[in-house]
Each structure stands twice: as C-alpha cells, then as structure tokens.
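See below for the structure under consideration.
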Amino acid sequence: MDRLPTIPGRGLRLRELGASDAAGVRAVFGDPEVLRTMPVRPRTTDAEALEMIEGLRGLAARDELYQWGIALDPGDEVIGTVTLASIELEHRRAEIGFALAREHRGQGHASAAVQLVLGHAFEAMALHRIEADVDPRNGPSIALLERVGFRREGLQLQRWLLHGEWQDALLFGLLAPWWRQLRGRAG
C-alpha cells in the first residue's frame, strides 16, 4: 500500500506534502490562532515549514504518522492538513487530527478531508478504531467530529501545557462498524 496515496474528493484532494507547499504549511502552522489548541511547534519561516515536511516523510516511512495536505481543485493550493497519528497497525488504531488556514474555515473543507481520510483508514488500512482529542473550547472541531460519527468518551483535565496554560482534552472515538453503519444510512 502506498503510505500516502492521493485521495480524490469533491473540490479537493488529499496528497503528500512537498517542498512547494512551504507557504501553505506556514499559513496553517505559523498562525497562532490555528495553533492555540494544538500541541505543535509554530512554523513561521519557509525553512521551518520545509523541516516539518521532511520530518513528516520520515514518520510516514516508519508508519508512525501520515499527514496529507488538503489541496483545493482546481489548482493545487494546500489550505490545511489532515493527519493519522499514533498509528498502531498491530492494534488497528490511530488518532486523527486536522487543521485549516483561517481563511478556508467554515466552507466544509475540513469535514470533506476528514471523511476522505476515514474512508482510507477504515477501508485501505483496515483500521478498526480512530481516536481524537480536542480542547473543549474548540466548538467547530467538536461539531465536525460528532457530525461524522465520533462519540465522546471522556475528559482529561489539564492534559496539555500549551502556550503557558493547561488545556483539557475531550476524548472521542469512532469504530469502523459505526462508520460503516452511518455511511449505509447516508447512501
């Protein structure tokens, strides 16, 4: 299996990040508002963005983390990423994460990208469980996860120390049978 195959969707596609995506990566991971609730180091220069992209290739080669760029069609502009992290192939589980540049939020791109990566995770990778943790103040991400079938499983108090403050984490899970059942109802 190609670790990071291009995954086509309506109006966008998920694809491997390359050196030409430094500006797009910087627009997402250099924005303090985007990173406010993410345990990710800011990437504010092209050099930092390129370092991140290269690091992602190594993680994918070791089956530890797959991070796709969300590219709009037509064209090829990367407006965000969607990630499978903490991949445990033996236990058929992973964690999902997603981030969009601010100007592209609220247009359905994150939801479409999450649906595409879930299809890949449950079908091509044969994973059984996908998990997510979200800051309880991040209403749009919580709504997206619940809309695509994730269920709340708990709350961890002061899980992350981000930007000098403790942040809680709402825990979510989605099992392959739940996802398939939801897809069956939707058509």
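I'm spelling it out carefully: the read-out is semi-axes √(5λ) of the Cα gyration tensor in Å, the candidates are [x] 23, 21, 17; [y] 31, 20, 15; [z] 45, 19, 16, and one was derived from this structure. Which label? Among [x] 23, 21, 17; [y] 31, 20, 15; [z] 45, 19, 16, the one calculated here is [x].
Go through S141, S86, S20 and list them by solvent-accessible area, largest first, probe radius 1.4 Å.
These residues rank, largest area first, as S20, S86, S141.
Largest GNM mean-square fluctuation among E103, E54, E131, using the chain with Cα springs under 10 Å: E103. Going by accessible surface with a 1.4 Å probe and the largest first, R10, R159 read R10, R159. Per residue, the stretch 30-169 exposes an accessible area of 49 Å² to a 1.4 Å probe, with every protein chain left in place.
Sorted largest first by accessible area at a 1.4 angstrom probe radius, with every protein chain in place, the residues D76, D63, D21 fall in the order D76, D63, D21.
Stretching the chain fully between A126 and L157 yields a gain of 8.0 nm (0.36 nm per residue, less the alpha carbon separation).
Among A85, A22, A124, the largest mean-square fluctuation in a Gaussian network model of the chain (Cα springs under 10 Å) belongs to A124.
Site pair E33 and A47 shows an inter-label distance of 2.8 nm when each label is modelled 7 Å from Cα along Cα→Cβ. Extension gain for the segment R137 to H91, taken as residue separation times 0.36 nm less the Cα-Cα distance, is 13.5 nm to one decimal. Contact order, relative form, for the chain: 18 percent (alpha carbon pairs under 8 Å, 6 or more residues apart, mean separation divided by residue count). The heavy atoms of I87 offer some 20 square angstrom of accessible surface to a 1.4 angstrom probe.
One decimal place: the segment R62-L182 gains 40.0 nm when fully extended, by the rule 0.36 nm per residue minus the C-alpha distance.
The values are calculated or read from the model by the stated rules, or taken from the named source; none is laboratory data. Predicted model only: the values in this text are computed from it and were never measured. Because the Cβ atoms are built from the backbone with ideal geometry, glycine has one as well, and the counts that use them run over all protein chains shown. Heavy atoms of the whole protein, side chains included, go into the accessibility calculation; ligands, DNA and RNA do not. Shrake-Rupley method; radii C 1.70, N 1.55, O 1.52, S 1.80 Å.
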